[in-house]
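Report on the following structure.
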Amino acid sequence: MNYEITPLYSEVAPNLFMGGTDDSATIDQAQVLRHFDGSNEFDCVVTLYAWAAPANWGVEERRFGFPDANIIEEYLP
């Protein structure tokens, strides 16, 4: 079966990108270290997926992970 490779991010405004997390780029799976190869695609990354692997070294990361699930009434303020 052939699959089309889907880009993980796209430019939505000049120098502003929106993207996602590869299915295998989570904190519970081993990753190839790219931290020191000097390739930083972004200056800052905002992460909303709680289980996403961290950004490379040298990339500022803001992590606001939240569950992707139904809202439970008792947890609402």
Listed with the fewest Cβ neighbours within 10 Å leading, Glu11, Glu73 appear as Glu73, Glu11
Cα-only radius of gyration and Dmax that characterise the chain, units Å
15.2, 48
With +1 on each Lys and Arg Cβ and -1 on each Asp and Glu Cβ, and nothing else charged, work out how big the dipole of the chain is about its Cα centre, in Debye to the nearest 20.
160 debye
Cut-off is 10 Å between beta-carbons; in what order do Trp51, Trp57 appear when sorted fewest neighbours first?
Trp57, Trp51
How many nm is it between the label spots at Met18 and Glu73, if each spot is 7 Å from the Cα in line with the beta carbon?
3.3 nm
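Every read-out reported here was derived from the displayed coordinates using simple, explicitly stated rules and does not represent laboratory data. Since this is a predicted model, take the numbers as computed values, not measurements. Please note: Cβ atoms are built from the backbone with ideal geometry, for glycine as well, and neighbour counts cover all protein chains shown.
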